[in-house]
């Protein structure tokens, strides 16, 4: 298995960051197999969604409705609503797996691999990419 970590900056507000290009670059010289993507944080997740047509904003809005940034959270250090960031990975998993065929991601036409981050207290993210040959 080949593995490496990429570093991302997500900023100071809720974010959906498209990492498809970095994932495609990672598997470019590989053959058939499986790309496993894992975010090494307790407060972020990965989603395979369409981006650029409003779906990323819709995802953040849905998460805001489901997990409001208010004072209801028992895990209450950090910024207001920080506890929701620790609950989010139960809904947006911290991992995703994508088949690769002849060194290309076998994604659907409109699918992108995205980091989802609601933790405004930590904009520095590490994502591990691992390739398992077929």
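Values computed for the structure shown
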| quantity | calculated |
| --- | --- |
| Nearest-0.05 FRET efficiency for residue 5 and residue 32, computed from C-beta distance (R0 25 Å) | 0.60 |
| Relative contact order, percent, the stretch 2-133 [alpha-carbon distance under 8 Å, six or more residues apart] | 52 |
| Net length gained if the chain between residue 21 and residue 102 were fully extended (0.36 nm per residue, minus Cα distance) | 27.5 nm |
| Contour minus Cα-Cα distance for residue 128 and residue 57 (0.36 nm per residue) | 23.1 nm |
| Spacing of the two label points (7 Å from each Cα toward its C-beta) at residue 76 and residue 93, in nm | 3.3 |
| Sorted by Cβ density within 10 Å, fewest first, the residues 1, 74, 88 | 74, 1, 88 |
| Pairwise centroid distance, computed over Cα atoms, of the stretch 84-134 with the stretch 1-74, Å | 5 |
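Taken together, the values in this text are just the output of simple stated rules run on the coordinates, not laboratory data. The structure displayed is predicted, hence computed values, not measured ones. Every residue, glycine as well, gets a Cβ built from its backbone with ideal geometry; the counts of neighbours run over all protein chains shown.
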